[in-house]
1. Roughly speaking, what is the stretch gain from A:W250 to A:E56, that is 0.36 nm per residue apart minus the C-alpha to C-alpha distance, in nm to one decimal?
2. Take the Cβ-Cβ distance between A:A429 and A:V132 as r, set R0 to 60 Å, and report the resulting FRET efficiency rounded to the nearest 0.05.
3. Quantify, in whole percent, the carbon and sulfur part of the accessible surface of the stretch A:319-511 (1.4 Å probe; protein heavy atoms only).
4. Name the lysines eligible as straight-distance cross-link partners of A:K432: C-alpha to C-alpha under 26 Å, and not fewer than 8 places from it in the same chain.
5. Could you give P(r) for the stretch A:269-322, binned at 10 Å from zero, as whole percent values over all Cα-Cα pairs?
6. Please compute the average number of Cβ atoms from other chains found within 10 Å of each residue's Cβ in peptide B:142-152.
7. Which of the trypsin sites (Lys or Arg not before Pro) found in the stretch A:50-138 are in a DSSP loop and have at most 10 neighbouring Cβ atoms, other than their own, within 10 Å?
8. Measure off 7 Å from each Cα along the Cα-to-Cβ vector at B:R258 and A:A240, then give the distance between these two points in nanometres to one decimal.
Amino acid sequence: MMQRNLPGRLPAMAAIFAAAFFSCAGYSQDMKSFEQRITTKVLPNGLTILICERPEAPVFSYSTFIDAGDVDDPSGESGLAHMFEHLAFKGTSQIGTTDYAAEKVALDKVEAANNALEAELRNPAGANAQKVAELKKSFDDAQKAALKFVVPNQFTEVAERNGAHGLNAQTGLDETTYFWSMPENRLELWAWLESSRLVDTVPREFYKERSVVEEERHMRTDSNPEGRLIEQLLATAFVAHNYGRSGVGWPSELSQITATEAMAFHKKYYVGSNIVVSVVGDVKASEAMPVLEKYFGKVPGGPKPLEMTTVEPKQFAEKRVVIREQTQPFYVEGYHRPNYRDPDDAVFDAIQDIMSNGRVARLYRSLVRDQQIAADAEGFSPFPGDKYPGLFAFYAVPVPGKTPDQMATAIHKEIDRLKTTDVTDGELAMYKTRARADLLRGLANNQGLANALAEYQTRYGDWRELFRQLDRVDKVTKADIRRVANQTFIASNRTVAEIDTAATASAAAGQAAPAKNEGGQK
Amino acid sequence: MKSSDQLSVFSGQWFSRFACVLLGGALALSVMPRVCAQENKPWEKIPIPQLHQFKPQQPKRVALKNGIVLFLQEDHELPFVSGSVLIPGGSRDEDAAKCGLVDLYGQTWRTSGTEKLNGDAMDDLLEAKAAHIETGGDLDSTALSWESLKADKDQVYDLAMDLLFHPKFDQQKLRLAQQQDATGIVRRNDDEGQIAGREAMKLVYGADSPYARQPELSTISKVTVADLQAWHDRSLGGKLIVAVSGDFDSAAMEAKLRATFEKLPTAKPNPPNQYKVAGPTPGVYFVNKEDVNQSNVQIVGVGLDRHNPDVPSVAMMNDVFGGGFSSRLFQTVRTRYGLAYAVGGGLSFAWDHPGTFDATVMPRSDKTVEAIQRSFDVMTSLVSQPFTEDELKRAKDNILNSFLFRYDTKAKVLAERVRLEFYGYPPDYLETYKAALEKVTVADLNAAAKKYIHPDKYAVLVVGNKSEINPGLDTLKMGPVHDIDITIPGTSGGGGGGAEKEQ
């Protein structure tokens, strides 16, 4: 549960495919086949259910897509959406407890004890050590008292004993998703489990789970060179928008998140209008829909929560972060770009494909094959999310003896080519062909399809957009690519982050990374 | 259209190290609180109907007279055709002085291309059709694979066969591959998990073992184009397994494959696998890494060969020990004590040699000793605390109710059949294995634990930040702490240096 990595929209989702390959009637044939197999229903509470029949084997996969992620964490509470996601595996008032009424009383005491302890720790005059020790003891005792009622991991145990496969969840900056696959005869059991945890989450074992999440941060970010670098890239590139904030949470904020805050997040964002549940596999919509309605109808209604309204101001100066440490050199740079709704979204995809996809890609051929200065070089976008304007980024991994500066020069040369010379007809056609084929490939996978359908249903209000995006792909022209490259890839819109290798850790610490000369337009 | 968050974004080889261990273990009976019986279990009242009838579609198997085996798996859901040729012999069979040869071979074979069409031209031709031909090397095999839209299947097949039979290994492409691998070598100490995984294998199998040894700058630089050609010529005479799947007509496809492979000479039998596994020398081993705030702990020993008849019992025991959220290890280390996010373990089964025992925990630095002790408590409990009927029932539910996912797609069924063929297991192995799992008893679990869990024989490897590990590893009282030197030969730096030196 908890990986934070979000594959997000399946690469150019499966669907579009059929078009070029099957008939001049375009993809209508294909859309039609899905029209026949997909049933959607919006329940009175606003929650959308989507069922796609694919009876290849007696199994199904589901995806619950919550349109809220760490971008929605309140100020000072970074990491909250992710923390709640962990809580959603801890059971409900019916599962995971021996006596909920008594447990509830005990949990309230835990919360009160935590608040008292936190208040003393944050005493502006300085915490009193003896008082802290006493409060810590009451807190520990309260937790122990609450633990007596816990049946540990019962929610996941019931799921796993009933054949759950690939059970997990992901919290991204834009959204939170829960998913697994199961034998088809467990559909009703799943509906009970999933709807229960959406409706009836209990802040059970919250503070121990917070320690677990802190270890997740240590693993993914603090103890990993690329994790550290990427956190700095984003924190530098964004001055106002929450995309610049640590998704797993800044250490001080993560360590102070309370169960009360997590439950408040749940109350605000886990409402019907903010949730899409998709099921793909060996299910009959006519039989399954009433079952799902019965269970998911229990999710509270309420208006769709307001979107985060901060808009990142236009960047006007190039920015640069240099980490000097013992690890090997690394280079990444990012340029601000619009979100997925922008008419140029497919143009950015085309640029990514031409620059990065496979051994024919421009960055591979230039930096890896011909100059032999990098072991790997790619552009990727949108990053770190797509719901709001994010970045188009490039990275390169230098081969032994080569430096981040050389990566920058070589990447900028390829960017300049994009700006000054049209891509070839062959490159453009290749992008369109590969986008279709990739979409097609994704269709034969229950879980991938469930994720994609839920995401498109949420983001566009209609799963058909999964197929219709081919229109936008087809419309991309060579002139579009030059125009977008010229608008986007300019020095004043750039943030650079790199690792420069220091001989020893102490040398790295001693240098404290003085700012390098600004690169200017290259 | 595509979004990615900070961890998945770098999908290339340099960023594939984020994989996280999430295996579990069941309740550690000695430490878990006793809970009163739950009276109301509403989920047990939900009916579970009979599962829909399902007979997975088996591929057609064709054994040619020369020993080559073909598999054909029709699948008309999507208009694609894919195939592979699996070739016996891999990195465990390469000359130790040229360690890395098979990896270089796997890269250079494809990037070089053939006499008729060099690798770059092949890239252009294939990518324009959204098609792929790839080659690669593994521990015990190499492989060539292809995939394309149905409309291009004949042309792509011909290209793939040209590459199989007429490769032209290119000096420049070898040099490119050497540089890629050298980049990996000088970076291999940057990531804590990578260090831990690698050094744990060395402790179990021995540093020079074909299962644990690692390429060095000096060994990869010795590899020549002639070595690659010789490797190719030798391995191609082995018992190939050809597998195709997708949107085709089996009769026509079989004829096509026969025309290609029937004319080959009789395949040479696979060389016997004679590697011995020493097992670790018990003790505590330490790698210092100054830039981390979390330790990566690996407690390791020897595992099982899948031929071993105890495998079903041990698989069940694994589930109780470290196989999921309800496992003893997960419940204790993560849920009860909140010591780590990543925790898991068990005995692994390799198909033709012993696997490993491995318990992995990643606690913050100052909890290192506690996490190790808790893990040992759980391991010891496997022997000292008899298994219960409840634990067995849970393990059976976990394993058997999700067993279906081993063959829920035609592609998985095909891959399984190829694997069984390659290692010489009967084609109905999955069914007999499942039947054996169903028969496991509590007595079997207790016997398996007694026979295969030996905490006193395990090595404890810690990769972490010495200045933060307090209390220190000496407080484990498991003898002297052995420091492991991970300096990369041929580079100037200690832990991770070497950037300034060109190979």
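The values are calculated or read from the model by the stated rules, or taken from the named source; none is laboratory data. Here the structure is a predicted model, which is why all the values come from computation and not from measurement. No Cβ is skipped: glycine too gets one built from the backbone with ideal geometry, and neighbour counts run over all protein chains shown. In case anyone asks, the SASA skips ligands and DNA or RNA and just uses the protein heavy atoms, side chains included. Shrake-Rupley method; radii C 1.70, N 1.55, O 1.52, S 1.80 Å.
1. 65.4 nm
2. That gives a FRET efficiency of 0.35.
3. Exposed carbon and sulfur together represent 49 percent of the surface.
4. Straight-line reach from A:K432, under 26 Å: A:K32, A:K387, A:K413, A:K419, A:K475, A:K478, B:K2, B:K129, B:K150, B:K153.
5. 16, 28, 20, 14, 13, 8
6. Average per residue, whole number: 1.
7. Filter output for the stretch A:50-138: A:R122.
8. 7.2 nm
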